[in-house]
Amino acid sequence: QVQLVESGGGLVQAGGSLRLSCVASGRYFSVNAMGWYRQAPGKQREMVAHISSGGITDYADSVKGRFTISVDNAKNTVYLQMSSLKPEDTAVYYCRPLTGVAFSWGQGTQVTVSS
C-alpha cells in the first residue's frame, strides 16, 4: 500500500505563497498520475489539482492561474506551488495517487491564509 506524507503548509497572509510537498512510498510505486485535494472545516474534501502520467494538468476553477502541480519522479514527490493565496484557500491539503493503486491518506498539511 502506498504511503503519503504531506508537508509545507503554514500560516501565510493573503497574497502570499507556499509550496506543498508530498512524498510517496511503496513497493514498486512511482509517482506519475497524482492529485492534490483539500478539506476545509465543515466541508467535503475537494479536488484542487491533478497531473496525469503524461504531464497534463487540471485544476479546480477556484485555483486556476494561482496553483501549479508538478512531480519529481526521481524523488517520488509531487508538489503544489500556491501563489496569490486567499483566505478561502484555508484547508488541510492532501495528495493521492490517481492510478487506482491501494493507498492510505496521509495526515495532510494545514494551510491557513489570514486576511
Exercise. Can you pull out the residues in segment 1-17 that are open to solvent by less than 30 Å² (accessible area, probe 1.4 Å) and assigned to a strand (DSSP E or B)?
Worked result: Val2, Leu4, Glu6, Gly10, Val12
Exercise. Scanning for something touching a residue at least 40 places away in the same chain (Cβ under 8 Å) and at positive phi, does segment 58-73 turn up at least one residue?
Worked result: no
For this session: Filter segment 68-115 for residues that are of a type in the set (A, V, I, L, M, F, W, C) and more than 10 Å from the chain's Cα centre (by Cα) and give the result.
Result: Val71, Ala74, Leu85, Ala91, Leu98, Val101, Ala102, Phe103, Trp105, Val111, Val113
Problem set entry | Residues that are open to solvent by less than 30 Å² (accessible area, probe 1.4 Å) and either of a type in the set (Lys, Arg) or assigned to a helix (DSSP H, G or I) (or both), drawn from segment 76-104 | Asp89
For this session: State all residues of segment 24-69 that are within 17 Å of Val92 (Cβ to Cβ) and open to solvent by 40 Å² or more (accessible area, probe 1.4 Å); if no residue qualifies, say none.
Result: Gln39, Pro41, Gly42, Lys43, Gln44, Arg45, Glu46, Met47, Ser62
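The values are calculated or read from the model by the stated rules, or taken from the named source; none is laboratory data. All values derive from a computational prediction rather than experimental measurement. Neighbour counts run over all protein chains shown; Cβ positions are idealised from the backbone, glycine included. Calculation scope for accessible area: heavy atoms of the full protein, side chains included, ligands and nucleic acids excluded. Shrake-Rupley method; radii C 1.70, N 1.55, O 1.52, S 1.80 Å.
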